[in-house]
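Notes follow the structure.
The values are calculated or read from the model by the stated rules, or taken from the named source; none is laboratory data. If you're wondering where the values come from, they're calculated on a predicted model, not measured in any experiment. All Cβ positions, even for glycine, are placed from backbone atoms using ideal geometry, and neighbour counts span all protein chains on display.
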Amino acid sequence: MKHQLDFEKPIIELQGKLDDLRKHPETHSMGVNFEEEIKLIEAKIEETRRQIFSNLTPWQRVQLARHPKRPYTLDYLRTAFTDFEELHGDRLFAEDRAIVGGFAKLGDQRVVVLGTQKGRDTKENILRNFGSAHPEGYRKALRLMRLADKFGLPIITLIDTAGAYPGIGAEERHIAEAIAVNLREMTLLDVPIIATVIGEGGSGGALGIGVADRVLIMENAYYSVISPEGCAAILWKERSAASKAAQALKITAKDLLHLKLVDEIVTEPLGGAHNDLTAAAATLKQHLLKHLGELQALPAAERLKQRYAKFRAHGHFLERAPTPGEQAETARKSARKSAAKSAAAIPATAA
Amino acid sequence: MNLAGPMPTPYIPAMATTIFTKKPPGVTDPTEPALNSPPTELQTAFVKKPKLTGSKKKKRDIPEGLWTKCPKCETMLFDKELDANLKVCDKCAHHFSIGARERIHSLVETCSFEEMDAQMISVDVLGFTGAASYKDKLASNWKKTNLKDAVITGIGKIGPHRAGLGVMDFSFLGGSMGSVVGEKLVRLIERSTEKNLPIIIISTSGGARMYEGMFSLMQMAKTCAALAYHARARLPYISVLTNPDYAGVMASYASVGDLILAEPGAFIGFAGPRVIKDTTQADLPPGFQTAEFLLDHGLIDAIVPRKEMKARLIGYLDFLTVRQNNSAAATA
């Protein structure tokens with residue numbers, strides 16, 4: 001019961017009642033049949049769960065994405081993949097355990113898998129730096145991706161990080177460059193790449209292994225340019241406005257799909273992936289295999305073209321003066337007078 | 001983000017550049033024929049009222065012969081001389097920040113710069129409302145800076161070289177990278193690749209533009225992707241880092257130049273110093289994240305003072321673009 005989120009409480013309470021009933025039938029043994037009551041409670045749990053999880057706020061999804069029991073990369077490597085053989089090191093400076101990678105099989109396909117990895121307890125979290133990679137992690141990732149490219153192995157990346165590590169050593173060894181080079185190099189790798197945000201998609205640290213032919217996101221994961229807390233601190237001047245920021249930034253799977261920033265949502269079992277790892281892993285595997293099949297059917301040149309076009313298309317802008325309507329909102333007072341002028345200016349600027 | 005100027009006036013927003021510039025917002029400098037003149041018709045249509053108050057405030061607040069105190073050596077510098085000196089203190093060589101247009105003017109040959117996508121502006125795609133809405137932020141920055149967004153792109157001649165040139169301006173929303181910055185740079189890179197031109201991008205930025213959410217993050221991937229194809233065509237890309245240069249821009253196009261140069265004293269990094277201090281609880285080493293620190297750690301090619309920039313860029317382009325045809329000789 002230790003790891004519960006606020007909105008999970010009603011479910012946990014019901015679960016507790018249910019357990020009590022089951023554990024101590026003798027305390028209730030007045031000759032009454034409790035089978036019926038157990039069934040009732042079970043139904044109620046199911047109903048409550050459905051109600052809660054179909055109405056999650058963006059901030060609640062962020063909390064789910066950070067749930068301490070949420071499956072991490074290595075959990076999916078044990079379940080959705082087989083024969084994982086970890087490979088270490090960037091060949092330059094150090095082994096960064098915040099990013100794991102190596103050979104694995106997805107179904108009967110040989111693939112190279114990479115993913116950011118958080119720790120399950122304090123000791124492991126120190127080892128894995130809470131899932132925040134140093135430059136060495138991104139350079140190891142690139143080394144393994146180049147290896148995959150050389151031997152024609154598809155690349156699967158699993159993303160779950162609050163962000164790249166903001167530390168002195170990371171700066172001294174140029175973490176910005178490590179990420180930037182990955183963005184450039186991943187554009188031109190011949191093999192299929194599929195990236196899936198399985199938990200937290202924290203900004204550049206996530207994107208550093210996120211340039212892919214397909215970008216998937218799990219139902220309760222989020223992907224954002226800045227952490228909701230960071231955004232709240234800057235724009236609202238208080239970190240407690242994080243829930244407002246989470247709302248404004250449009251970071252949930254549903255929002256991102258709607259904005260065409262991700263290709264597909266991987267649905268999670270009711271109650272979140274941590275509630276049923278086997279089911280979550282099976283769904284993930286199914287999605288990965290489907291996309292891998294589609295990508296392998298394409299010639300490499302076509303894949304690269306589509307990969308470029310996909311990222312090329314991200315962005316919204318106007319190539320003309322603001323319309324009178326927009327002006328009315330921004331510069332209310334001068335709106336009426338300038339409407340005629342800006343209308344006249346549009347053909348001139350289009351030329 | 002507001003670097004309080006040494007002589008703050010009640011009306012001028014306290015960005016260093018705005019104070020030092022004598023040009024009032026909304027007035028085109030006639031001495032800049034090399035640039036596409038800003039679209040005055042649109043501009044006046046859009047900020048008619050502010051422009052009027054702008055000229056009034058100039059009369060009232062700016063005293064005759066404005067002097068600026070150098071924050072480093074505390075010398076009083078006559079504004080006119082400071083401008084003539086490309087906003088570099090002639091006593092201690094402190095580099096003040098400089099606007100994108102002034103910088104382009106200092107680099108390209110007269111009348112050679114053809115600006116691209118000068119009309120492109122940001123839209124509030126997420127309907128972002130925080131303490132202030134993105135729409136209001138944009139409106140006030142258009143007004144304040146007389147810029148359309150945080151980058152100006154185009155093709156111009158630098159010495160004998162035609163090159164794609166992208167120059168960022170910190171005064172527009174902290175040089176933040178949103179869809180417009182990404183799109184303008186990508187179009188510049190694509191056009192340069194198509195026309196076999198080298199690219200020079202002079203960046204200064206606080207990072208990605210939060211108001212555009214994930215769209216701003218994706219500009220990192222987008223610009224790097226375009227540069228990948230430019231690099232594959234074996235064309236030179238020189239990245240120039242100027243003060244300050246952080247986060248999303250540093251973790252994308254600014255860090256993948258064939259050559260990476262920096263202006264003296266510029267603060268450059270991935271995470272901001274405060275974030276690092278808060279996270280690590282460690283004291284930052286002296287000179288941390290300065291251009292000099294980056295040079296000592298092997299992260300950049302050279303530090304180039306602003307006044308030498310043009311000559312050095314020409315030199316590098318000379319060296320990289322004159323084809324020696326080694327391969328033909330070898331195979332012949």
Inset, instruction - Look at the range A:90-122 and say how many of its residues are at positive phi and surrounded by 14 or more Cβ atoms within 10 Å (Cβ to Cβ). - result: 2
Inset, instruction - Keeping to the range B:141-150, report how many residues are of a type in the set (Lys, Arg) and assigned to a loop (DSSP other than H, G, I, E, B). - result: 1
Inset, instruction - Give the residue that is surrounded by the most Cβ atoms within 10 Å (Cβ to Cβ), with candidates limited to residues of the range A:159-189 that are part of a loop (DSSP other than H, G, I, E, B) and of a type in the set (A, V, I, L, M, F, W, C). - result: A:164
Inset, instruction - Collect the residues in the range B:141-155 that are facing chain A (nearest Cβ under 10 Å) and surrounded by fewer than 23 Cβ atoms within 10 Å (Cβ to Cβ), keeping them in residue-number order. - result: B:143
Legend entry - Lone unmet requirement of (1) surrounded by 18 or more Cβ atoms within 10 Å (Cβ to Cβ); (2) more than 8 Å from chain A (Cβ to nearest Cβ); (3) under 18 Å from the mean Cα position of the chain (by Cα) for residue B:82: (3)
Inset, instruction - Determine if the range A:228-235 includes at least one residue that is in a loop (DSSP other than H, G, I, E, B), more than 13 Å from the chain's Cα centre (by Cα) and within 10 Å of chain B (Cβ to nearest Cβ). - result: no
Inset, instruction - Just need a number here: residues in the range B:252-298 that are crowded, with 20+ Cβ neighbours inside 10 Å, part of a loop (DSSP other than H, G, I, E, B) and facing another protein chain (nearest Cβ under 8 Å). - result: 6
Inset, instruction - Give A:204, A:199 a once-over and let me know the one that is part of a helix (DSSP H, G or I), buried (at least 24 other Cβ atoms within 10 Å of the Cβ) and in contact (Cβ under 8 Å) with a residue 12 or more places away in the chain. - result: A:204
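Looking at this structure, is residue A:246 within 25 Å of residue B:133 (Cβ to Cβ) and touching a residue at least 40 places away in the same chain (Cβ under 8 Å)?
It is true that residue A:246 is within 25 Å of residue B:133 (Cβ to Cβ) and touching a residue at least 40 places away in the same chain (Cβ under 8 Å).
May I ask you to verify whether residue A:159 is within 14 Å of chain B (Cβ to nearest Cβ) and among the β-branched types (Val, Ile, Thr)?
Against the criterion (within 14 Å of chain B (Cβ to nearest Cβ) and among the β-branched types (Val, Ile, Thr)), residue A:159 qualifies.
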Legend entry - Residue, modelled with the lowest pLDDT, within the range B:94-140, restricted to residues that are in a loop (DSSP other than H, G, I, E, B), facing chain A (nearest Cβ under 9 Å) and surrounded by fewer than 17 Cβ atoms within 10 Å (Cβ to Cβ): B:131
Inset, instruction - Report yes if residue A:75 is modelled with pLDDT of 85 or more, among the acidic types (Asp, Glu) and at negative phi, otherwise no. - result: yes
Legend entry - Where residue A:138 falls short, out of the listed (1) within 14 Å of another protein chain (Cβ to nearest Cβ); (2) within 25 Å of residue A:271 (Cβ to Cβ); (3) among the hydroxyl-bearing types (Ser, Thr, Tyr): (2)
Inset, instruction - With a cut-off of at least 1 residues that are under 29 Å from residue A:105 (Cα atoms), name the helices (runs of 4 or more DSSP H) lying wholly within the range A:238-302. - result: A:253-258, A:277-296
Legend entry - Scope the range A:176-204; condition more than 18 Å from residue A:115 (Cβ to Cβ) and out of contact with any Leu (no Cβ under 8 Å at 6 or more places or on another chain); matching residues: A:176, A:180
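Here is a yes/no grid of residues against (1) in a loop (DSSP other than H, G, I, E, B); (2) of a type in the set (Asp, Glu); (3) in the same structural domain as residue A:19 (by TED's automatic domain parsing):
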position	(1), (2), (3)
A:36	no, yes, yes
A:40	no, no, yes
A:44	no, no, yes
A:85	no, yes, no
Inset, instruction - Name, by its number, the condition in (1) within 29 Å of residue B:208 (Cα to Cα); (2) within 21 Å of the chain's Cα centre (by Cα) that does not hold for residue B:161. - result: (1)
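Go through the residues of the range A:238-246 one by one and say whether even a single one is under 15 Å from the mean Cα position of the chain (by Cα) and either crowded, with 19+ Cβ neighbours inside 10 Å or away from chain B (no Cβ under 13 Å) (or both).
Yes, some residue in the range A:238-246 is under 15 Å from the mean Cα position of the chain (by Cα) and either crowded, with 19+ Cβ neighbours inside 10 Å or away from chain B (no Cβ under 13 Å) (or both).
Conditions tested, residue by residue: (1) acidic (Asp, Glu); (2) touching a residue at least 12 places away in the same chain (Cβ under 8 Å).
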{"position": "A:87", "(1), (2)": "no, yes"}
{"position": "A:108", "(1), (2)": "yes, no"}
{"position": "A:118", "(1), (2)": "no, yes"}
{"position": "A:125", "(1), (2)": "no, no"}
{"position": "A:143", "(1), (2)": "no, yes"}
{"position": "A:148", "(1), (2)": "no, yes"}
